Amino acid sequence: MYSEFSLSANVNDLERIESQTLNGVGIIKLYFHPGAQVERGLAQATATSQAILRRMPAGVQPPTILRYAA
């Protein structure tokens with residue numbers, strides 16, 4: 001929940017966020033508005049995720065951020 005809040009507050013042009021947990025792995029999907037500057041949003045998500053990582057328990061792996069377009 002903290003991750004979703006931080007991402008929604010720091011990433012521009014988000015339409016919605018979906019998240020789920022599978023066997024100890026958290027998956028957060030960011031959906032951008034049409035016409036959004038996706039590269040800028042990905043950079044913001046990366047920076048926010050690195051800041052969040054510092055608040056996590058020791059041993060938590062850094063996030064893998066993938067761009068996907070249907």
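The values are calculated or read from the model by the stated rules, or taken from the named source; none is laboratory data. Just so it is clear, the model here is predicted, and its values are computed rather than measured. Ideal geometry is used to build each Cβ from the backbone, glycine not excepted, and the neighbour counts take in all protein chains shown. These accessible areas exclude ligands, DNA and RNA; they are computed on the full protein's heavy atoms, side chains included. Shrake-Rupley method; radii C 1.70, N 1.55, O 1.52, S 1.80 Å.
Rg(Cα) of the chain divided by 2.2 N^0.38 Å? It would help to have the intermediate numbers written out before the result.
Details: Rg = 12.1 Å, N = 70, 2.2 N^0.38 = 11.1 Å.
Working it through for the chain, the quotient is 1.09.
For the chain, what is the accessible area per residue in Å² when the probe is 1.4 Å?
Working: 5440 Å² over 70 residues.
Value returned for the chain: 78 Å² of accessible area per residue.
If exposed means no more than 13 neighbouring beta carbons inside 10 Å and the site is in a DSSP loop, what's the longest run of the chain without any exposed trypsin sites (Lys or Arg not before Pro)?
Working: sites that count: Arg54, Arg55, Arg67.
The longest such stretch corresponds to 1-53.
List the relative contact order of the chain as a percent without decimals, with contacts defined as Cα pairs under 8 Å and 6+ residues apart. Walk me through the numbers before you get to the answer.
Numbers: 60 pairs, mean separation 20.1, N = 70.
Relative contact order for the chain comes out at 29 percent.
Among Met56, Ala9, Gln37, whose Cα sits farthest toward the positive end of the charge dipole of the chain (+1 at Cβ of Lys/Arg, -1 at Cβ of Asp/Glu, about the Cα centre)?
Most positive-ward Cα: Met56.
Taking the Cα centre as origin and putting +1 on Lys and Arg beta-carbons and -1 on Asp and Glu beta-carbons, what dipole magnitude results for the chain, to the nearest 20 debye? Could you put the intermediate results ahead of the total?
On the way: 6 positive and 5 negative charges, 37 e Å.
My answer is approximately 180 debye.
With a 1.4 Å probe and all protein chains left in place, how much of the accessible area of the chain comes from carbon and sulfur atoms, in whole percent?
Numbers: 2930 of 5440 Å².
Result for the chain: 54 percent of the exposed heavy-atom area is carbon or sulfur.
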